[in-house]
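The values are calculated or read from the model by the stated rules, or taken from the named source; none is laboratory data. As the structure is a computational prediction, the values presented were derived from the model and not from experiment. With ideal geometry, Cβ positions are generated from the backbone for all residues, glycine too; neighbour counts draw on all protein chains shown.
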Amino acid sequence: MKKFNREVGKKGEEIAAKYLQGKGYKIHERNYSTKFGEIDLIVSKNNILSFVEVKLKKGEDFGTPEEMIGKNKRAQVERMANLYLTAKPGISEEYNSFLIDAVCIVLDEDNSIRRISYYENIGF
Amino acid sequence: MLTKVLSAAHFGLEATPIEVEVNVFKKGFPGFSIIGLPNKSIEEAKERVKTALINTGIDFPNLKIVVNLAPADIPKEGSLYDLPIAVGILASIEVVNLPAEKSFFYGELSLDGGLRHTKGVFLLALAGKSLKIKNLFVPNDSANEASVISGINVYPVRSLQDLINHLNGIVRIEKLKYCLSTGRSGRSIDSQSIEFDFSEIIGQESAKRAMTIAAAGGHNIFMQGTPGAGKTMLARATAGILPPLNEEEALEVTKIYSLTGNIPPGEGLIKTRPFRTAHHTTSRIGLIGGGSIPHPGEISLSHNGVLFLDEFPEFSRATLEALRQPMEDGRVSIIRIAGSITFPASFMLIAAANPCPCGYLGDPKRECKCTPRMVMKYQAKLSGPLMDRIDLHINVPAVDVDKLITNPTSSRRGGTSRDAVENSRQIREQVIKAREIQNKRFRGLQIYINANMKNKHIKDFCVIDLQSLLLLKQAVNTYNLSARTYFRLIKVSQTIADLSESKKILPAHVAEALQYRIRSGD
């Protein structure tokens, strides 16, 4: 099960990365992970650095992916983002604004994409 | 960028200036925090401000925003900080330029970017004047309260968009003219619907006369009578014979009403004399005032007006006894950890009670079913010191059936020589005349009615002839009256003299006053 989750996560990240690249974002990191946790994607566009949380769900019968991102998840991403910025001072110098974003993906039974939604600045 | 916007916090009837410091950071994670001891209603300002700005068409900055309400050690409450916070954010992101002169911003935002009626604008204007603030930006609905104060520019703000245009010099908001008689409706007692007219009350001539005296001199009155005799009706009809507030009185009342948010939107100065009723389950704090941040109670809300307590003995004893000190002083000091606040509470008390639990003690036709013990217990609720503070005590007996049948509308009085019963309008004119005499007498003394005279004022103002003095002396000796009752008797006599437009207190006036004195043992 654990292994399966990771696979799903990886797949979500790929879809999200492709989607964001299509929107003109530059990808900095994929699945940046430390022993404290991980950030799915770190991207940038227009001098804004975004930390992206990706959620993928197969069908919406057991709740939407949006529901899965709560206050705790946002706080965790922010904590990780701060860690990342401390670890790479160069990047924090380069950018002024930092956002926490989310990409929610819903797949159909046959693994085709039913919908994909991008939320900017969910940390607020 | 850091901007500072001035606003105010209310503590009792005083407004303290509050500096709303807004910093929009250039760097960092987006966030919005308010510090400086805000309560829940200010915490929620975040959502109101954010939504109002977005709905006004402003790009809300995705940046870290910190709002500090300084001085940070005063607890703050209310929704009035919405506007200063919004203006602070707008100035920080350089959408508007703040005025160079000192200005107060004040008001609650609606989600659509409009401004809502906010309580306390009158007090804000008073504070602004004493602090030499030049401009006042307040919600349009509340602006009339502020226009009563001279020497300050009052800008009625309808919406954030209007304010942005004004501050940027695109479209100016027209400032309100100073005007004492503001209020959109301009309503007065005449246009206001009064529940009962005195002419509708059948019989009860002596009670009506006592009510007239009470209203003329602001004396406390206690009515005792059988159920259905018309005590409540008499009290409610009294609302229609109260004189309008004079200017100083109106300012005092408006202060309290502004603090509690009792001024309807669009109204300015309160000119109708307050008439408040409190149910007998009212708590002591509800009546006297209190709370961790002290708020005025019913006695302060009826300042310069009437407080009607029906079913007087049904109130809890603690509540009634708490009335004693404010009745004497005309104000009430509420002391809490947050500080001590004095609210004015110079009210005229109308109290109504049955003589016993069943209500028919002393009724000529119906038998009282109460045991003596029950009657004693009932009457013991009203303590001596409390009753001593009430100037007029009257009995309201049941109305004669003949009178009711012959004269259901009571346009005439059955069996007596006088034709028409006086209606409220006529009585009110008498009362107004008597009050004018009193206002002239106490000019500059911060007293408006005979009931509020201190003993030294009685010496200064009341002219009693020798015969009346003798009568008074006799009464004191035969009835064993207390010193307080003695002075209260003189005050009532003075009011009766004022009603008959006599310069001196004559024996007839004293004799009438004696009728209304406290009766024990009947």
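Filtering B:LYS40, B:LYS26, B:LYS46 for residues that are over 17 Å from B:LEU109 (Cα atoms) and assigned by TED's automatic domain parsing to the domain that holds B:ALA146 leaves a single hit, B:LYS26.
Before we move on, is A:SER112 of a type in the set (Ser, Thr, Tyr), under 14 Å from the mean Cα position of the chain (by Cα) and either within 14 Å of chain B (Cβ to nearest Cβ) or surrounded by fewer than 12 Cβ atoms within 10 Å (Cβ to Cβ) (or both)? In short, no.
Selection of segment B:1-33 for residues being more than 19 Å from B:GLY120 (Cβ to Cβ) and either within 14 Å of chain A (Cβ to nearest Cβ) or outside any strand (DSSP E or B) (or both) yields B:MET1, B:VAL24, B:PHE25, B:LYS26, B:LYS27, B:GLY28, B:PHE29, B:PRO30, B:GLY31, B:PHE32, B:SER33.
Check whether at least one residue in segment A:56-63 is away from chain B (no Cβ under 14 Å) and among the aliphatic types (A, V, I, L, M), and report yes or no. Yes: segment A:56-63 contains one or more residues that are away from chain B (no Cβ under 14 Å) and among the aliphatic types (A, V, I, L, M).
Looking for something modelled with pLDDT of 85 or more, among the polar types (S, T, N, Q) and touching a Leu at 6+ places or on another chain (Cβ under 7 Å) - is there at least one such residue anywhere in segment A:98-112? For segment A:98-112, residues modelled with pLDDT of 85 or more, among the polar types (S, T, N, Q) and touching a Leu at 6+ places or on another chain (Cβ under 7 Å): absent.
Counting residues in segment A:98-108 that are aromatic (Phe, Trp, Tyr), closer than 28 Å to B:LYS26 by Cα and not in a loop (DSSP other than H, G, I, E, B) gives one or more. Here B:ALA72 meets the list (1) surrounded by fewer than 16 Cβ atoms within 10 Å (Cβ to Cβ); (2) touching a strand residue (DSSP E or B) at 6+ places or on another chain (Cβ under 6 Å) almost entirely, failing just condition (2). Taking the criterion of being assigned to a loop (DSSP other than H, G, I, E, B) and either among the basic types (Lys, Arg) or surrounded by fewer than 18 Cβ atoms within 10 Å (Cβ to Cβ) (or both), the only residue of segment B:385-396 that qualifies is B:ARG389. Of everything in segment A:70-97, what is modelled with pLDDT of 85 or more, away from chain B (no Cβ under 13 Å) and not in a helix (DSSP H, G or I)? Give them in sequence order. Passing the criteria: only A:LYS88. The condition of being in contact with an Asp or Glu (Cβ under 6 Å, 6 or more places away or on another chain) and not in a loop (DSSP other than H, G, I, E, B) holds for only one of B:THR232, B:THR238, B:THR254, B:THR212, that being B:THR232.
Pairs linking a residue in segment B:94-112 that is β-branched (Val, Ile, Thr) to a residue that is surrounded by 22 or more Cβ atoms within 10 Å (Cβ to Cβ), with Cβ atoms under 8 Å and 6 or more positions apart or on different chains, are B:VAL96/B:VAL87; B:VAL96/B:LEU90; B:VAL96/B:LEU163. If you go through segment B:52-67 one residue at a time, do you hit one that is within 14 Å of another protein chain (Cβ to nearest Cβ), modelled with pLDDT of 90 or more and crowded, with 20+ Cβ neighbours inside 10 Å? Taking every residue of segment B:52-67 in turn, at least one turns out to be within 14 Å of another protein chain (Cβ to nearest Cβ), modelled with pLDDT of 90 or more and crowded, with 20+ Cβ neighbours inside 10 Å. Residues in segment B:318-328 that are over 16 Å from the mean Cα position of the chain (by Cα) and surrounded by 14 or more Cβ atoms within 10 Å (Cβ to Cβ): B:THR319, B:LEU320, B:GLU321, B:ALA322, B:ARG324, B:GLN325.
Tell me which residues, restricted to segment B:119-160, are surrounded by fewer than 18 Cβ atoms within 10 Å (Cβ to Cβ) and closer than 18 Å to B:ILE58 by Cα. Answer for segment B:119-160, where residues must be surrounded by fewer than 18 Cβ atoms within 10 Å (Cβ to Cβ) and closer than 18 Å to B:ILE58 by Cα: just B:ARG158. Within segment B:20-30, which residues are farther than 16 Å from B:VAL95 by Cα and buried (at least 16 other Cβ atoms within 10 Å of the Cβ)? Listed by number, the residues that qualify are B:VAL20, B:GLU21, B:PHE29, B:PRO30. In segment B:21-32, the condition of being in contact with a Phe, Trp or Tyr (Cβ under 9 Å, 6 or more places away or on another chain), under 25 Å from B:TYR155 (Cα atoms) and at pLDDT 95 or above is met by no residue.
If the condition is being without any contact (Cβ under 8 Å) to a residue 40 or more places away in the chain and more than 14 Å from chain A (Cβ to nearest Cβ), then segment B:39-51 contributes B:ASN39, B:LYS40, B:SER41, B:ILE42, B:GLU43, B:GLU44.
Check segment B:459-472 and report whether any residue there is under 27 Å from the mean Cα position of the chain (by Cα) and within 19 Å of B:HIS509 (Cβ to Cβ). Scanning segment B:459-472 turns up no residue that is under 27 Å from the mean Cα position of the chain (by Cα) and within 19 Å of B:HIS509 (Cβ to Cβ).
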